[in-house]
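Beneath this line is the structure, given in structure tokens, with notes to follow.
The values are calculated or read from the model by the stated rules, or taken from the named source; none is laboratory data. These numbers come from a predicted model, not from an experiment. Every residue, glycine as well, gets a Cβ built from its backbone with ideal geometry; the counts of neighbours run over all protein chains shown. Each accessible area value is taken on the protein alone, full model and side chains, heavy atoms only, with ligands, DNA and RNA left out. Shrake-Rupley method; radii C 1.70, N 1.55, O 1.52, S 1.80 Å.
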Amino acid sequence: DKAASARSAGRRVIVHLDLDCFYAQVEMIRNPDLRDKPLGVQQKNLVVTCNYEARKRGVKKLMSVRDAKEKVPQLILVNGEDLTPYRETSYKVTELLGEFFPLVERLGFDENFVDITEMVEKRVNQVQRSGCSRVCVSGHVYNNHAINLQDETHVRLAIGSQIAEELREAIYARLGLTACAGVASNKLLSKLVSGTFKPNQQTVLLPESCQDLIRSLEHIQKVPGIGYKTAKRLETLGVRNVCDLQAFPSAVLEKELGVSNAQRIQKLSYGEDDSPVTPSGPPQSFSDEDSFKKCSSEAEVKEKIEELLHNLLDRIDKDGRQPHTVRLTIRQFSSTDKWLNRESRQCPIPPHLIQKFGKESSNVLSPLVDILMKLFRKMIDADLPFHLTLLSVCFSNLKDVPSSKKGSIGFYLKQMSPLSGSGKRFYTHFLPQEVEDVSQGEGSTSWNQSCNRTGTTKTRKLPEEKKSDIKKARIPDLPFHLFPANIDQEVFRELPEDIKQEILSEKT
């Protein structure tokens, strides 16, 4: 079983896509006049990211605004504290990738893993059937290692590089965003190799170069999966780089970190990673935070909580699900431990408030502020002086509204409704020929112009006898605004009266 699992892991092809200077790209799309100018995205007093025009002149990520302006007086700064446009664009990228492949995993706003193994298998079979002996690599090969077309792993990774290029082209054609990509046999290696050539380039990693890549990392914390605290503990053991970790006695490491954790990080040090690409799905929580130099009164805390809630309630309303838990996180000022001095409290949201999400959101704000202030007082004695530098509000335990659950006739009718403007497109380049495209709409020209296809939308027409039956039954026509949302009106008209009443009662 272990041997079969190892063979299966060796056959995987994973793409890591990393959007170039993401926040800055979003701002340049929103305002094309900024494209050829040095641009920085500012949050508080930091330049959190900048475009490549600014980088060429010496501006760096997380540079202070003052230093950046001294370095490049012509630097244009855009306020990036409202994350909404970045978040929305980020989800568009993940959704686009999901149109091609089912296994897409988000990593922050600007990174995605895509498991393309199945498509690679199909293309390998096509190459073998066609008798074609030439398989070209798209982009760079790490270390300029030569491709051996007699080596099946090399061929699979070369084909993977072609698919990665197609995905990058699709992202650019549809969304106007450029990205770097790494192609390798697992998530760890694909992430590490993706940044070798920037911007808007890609790199494939062959197995023979794996150790060269891993050992090139300057510090143990550069290995994805080894965090700050673990790295500090390893340093106390004299482990500072990958070579140290590879050579460190396993028994001592297991005693210090525990068996499973020690084995995991030692495998990572050899470039071994069998973790699957896990589809992210809809977000499991909604959170927003604000950091500041000082917040030291209850009135200030309440005001900042209200500001955070306005944005969060809007996002929850768009999502459509109802949160059942709310959490407040604070960070108190500390001169010694700037980042890790956080404390949280959470509680269930009362049922009568849950019902108001999405329907009466304006009536939810005040009681939620009261709940969060109670959580605040559990952590802070407001009668004593306090100094906060961060507040964060998080809604979690998201559930569908009751009317959309299975067992309701409305649920099934919604599944039948034709999707309009969903943005879903299929590309013949990726999908089998027998798949029919019935969903392309306005503005959906395929980036693969050679396909030259336009989509059609299927509509159902009622037979004449059905129309006459409806007239005989004297079913009154409902005003348009009373029809339940997302339910086919013609289907609704054909339903028995008692079921129609059930659906209408759900709507009201």
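For the pair Glu218 and Asp314, the difference between a 0.36 nm per residue extended length and the Cα-Cα distance amounts to 30.3 nm. Solvent-accessible area of region 124-270 (1.4 angstrom probe, protein heavy atoms only): carbon and sulfur portion equals 47 percent.
Against the criterion of solvent-accessible heavy-atom surface with a 1.4 angstrom probe, Glu300, Glu307, Glu70 sort, most first, into Glu70, Glu307, Glu300. Checking the cross-link pairs Lys378/Lys399; Lys69/Lys293; Lys60/Lys92; Lys44/Lys69; Lys229/Lys293; Lys92/Lys222 against a 18 Å limit on the alpha carbon distance flags Lys378/Lys399; Lys69/Lys293; Lys60/Lys92; Lys229/Lys293; Lys92/Lys222 as lying beyond it. To the nearest 0.05, how large is the calculated FRET efficiency for Asp151 and Ser396 if R₀ is 45 Å and r is the Cβ-Cβ distance? It comes to 0.45. At an R0 of 22 angstrom, the distance between the Cβ atoms of Ser287 and Val65 translates into a FRET efficiency of 0.30. Assuming R0 = 45 Å, what is the FRET efficiency of Asn363 and Ser130, from their Cβ-Cβ distance, to the nearest 0.05? The value I calculate is 0.10. Placing pseudo-labels 7 Å out from each Cα toward the beta carbon at Ser296 and Asn79 gives an inter-label distance of 2.5 nm. Summing +1 for each Lys or Arg and -1 for each Asp or Glu among the other residues whose beta-carbon sits under 13 angstrom from that of Asp36 gives +2. Over region 285-400, what is the relative contact order in percent, taking alpha-carbon pairs closer than 8 angstrom and at least six residues apart? Answer for region 285-400 is 50 percent.
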